[in-house]
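Let me begin by presenting the structure, written as structure tokens, before commenting on it.
The values are calculated or read from the model by the stated rules, or taken from the named source; none is laboratory data. Everything numeric in this text was worked out from a predicted model, so none of it was measured. Reconstructed Cβ throughout: ideal geometry from the backbone, glycine too, with neighbour counts over all protein chains shown.
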Amino acid sequence: MAALLPAGCATPPPAPPPRPTGRGEACLAQLEARRVEYQLAAMPVSAGGCGIDNAVRVGRTAIPWNRAAVMDCELALILDQFEAGAVQAAASRYFGRRVVRIDHFGSFDCRRESSGHHRWSQHAFGKAIDIGGFLLADGTMIRVAEDWHRAGPRGNFLHDVARSACHEFQLVLTPDSDARHQDHFHLDIGPYRLCGLS
């Protein structure tokens, strides 16, 4: 007679995602060396081709985030480098303070581009993130929606961050790009090259 499982134990917990090899393993090693907080993320194959090759659930990079996000390991690594360098340098230059939190709207999202090209968005592969704001150590919140067009240090900071992003990421969209990006920066590491600054 088969042994009965205790109540609540009928289904074993899911196995953790397998650790990648080769280039994926090298990326994870770099995240660990840079002390990025992450866990391997299971990414089931989605209808239509969405999915992430080397998925990680990131809790924070060089700067804490408002919430965790699932993305490609390479994007997490580039974000960590970008935040530690360009973002903190711009905050020090304009405010004499550090950024203590980045507010983002999300990374992975199985959808097409909103541009009308009907291509898969880089969000569908975990290779893009949308950033809406930056919190300084003194409690000042700098928001793309409110401060991009503002004269003075807030607007200058955002423009400097976006300009630096154009050197780190393949594609950068800002409020200068179109009406869909009035409240955030879209940063991605996909195949298309564009710096959305006027």
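Look through G133, G126 and report the one residue that is in contact (Cβ under 8 Å) with a residue 60 or more places away in the chain and either under 18 Å from the mean Cα position of the chain (by Cα) or farther than 25 Å from R60 by Cβ (or both).
Numbers: G133 fails: in contact (Cβ under 8 Å) with a residue 60 or more places away in the chain.
Of the residues listed, the single one that is in contact (Cβ under 8 Å) with a residue 60 or more places away in the chain and either under 18 Å from the mean Cα position of the chain (by Cα) or farther than 25 Å from R60 by Cβ (or both) is G126.
Would you mind telling me which numbered condition in (1) out of contact with any Leu (no Cβ under 8 Å at 6 or more places or on another chain); (2) within 17 Å of D80 (Cα to Cα) D188 fails?
(1)
Which of (1) among the small types (G, A, S); (2) at pLDDT 95 or above; (3) in a loop (DSSP other than H, G, I, E, B) does A162 not meet, given it meets every other one?
(3)
Can we say R97 is assigned to a strand (DSSP E or B), surrounded by fewer than 21 Cβ atoms within 10 Å (Cβ to Cβ) and in contact with a Leu (Cβ under 7 Å, 6 or more places away or on another chain)?
So R97 does not fit the description; no.
Which one of A42, A62, A33, A47 is modelled with pLDDT of 95 or more, under 21 Å from S107 (Cα atoms) and of a type outside the set (D, E)?
Values: A42 fails: modelled with pLDDT of 95 or more; A33 fails: under 21 Å from S107 (Cα atoms); A47 fails: modelled with pLDDT of 95 or more.
Every option except A62 fails the conditions.
Please list, ordered by first then second residue, the pairs with beta carbon atoms under 7 Å, 6 or more apart or interchain, first in segment 73-87 and touching a residue at least 40 places away in the same chain (Cβ under 8 Å), second basic (K, R) and surrounded by fewer than 23 Cβ atoms within 10 Å (Cβ to Cβ).
D80/R34
Whether any residue in segment 121-128 is part of a loop (DSSP other than H, G, I, E, B), basic (K, R) and crowded, with 21+ Cβ neighbours inside 10 Å is what I want to check. Give the derivation first.
Filtering segment 121-128 for residues part of a loop (DSSP other than H, G, I, E, B) gives 121, 126-127.
From what's left, basic (K, R): 127.
Still in the running and crowded, with 21+ Cβ neighbours inside 10 Å: 127.
The answer is yes; a qualifying residue exists.
Considering only segment 147-167, state which residues are in contact with a Gly (Cβ under 9 Å, 6 or more places away or on another chain) and either of a type in the set (S, T, Y) or exposed (fewer than 15 other Cβ atoms within 10 Å of the Cβ) (or both).
Filtering segment 147-167 for residues in contact with a Gly (Cβ under 9 Å, 6 or more places away or on another chain) gives 147-149, 162, 164, 166.
Selection gives H149, S164.
Find the residue count for segment 168-179, including only residues that are within 16 Å of E113 (Cα to Cα), surrounded by fewer than 21 Cβ atoms within 10 Å (Cβ to Cβ) and under 18 Å from the mean Cα position of the chain (by Cα).
Adding up the residues that qualify gives 1.
Has segment 138-148 got at least one residue that is in contact with a helix residue (DSSP H, G or I) (Cβ under 6 Å, 6 or more places away or on another chain), in a loop (DSSP other than H, G, I, E, B), among the acidic types (D, E) and more than 21 Å from G196 (Cα to Cα)?
Taking every residue of segment 138-148 in turn, none turns out to be in contact with a helix residue (DSSP H, G or I) (Cβ under 6 Å, 6 or more places away or on another chain), in a loop (DSSP other than H, G, I, E, B), among the acidic types (D, E) and more than 21 Å from G196 (Cα to Cα).
I'm told I189 meets every condition in (1) aliphatic (A, V, I, L, M); (2) crowded, with 18+ Cβ neighbours inside 10 Å; (3) within 20 Å of R101 (Cα to Cα) except one. Can you identify the failing condition by its number?
(3)
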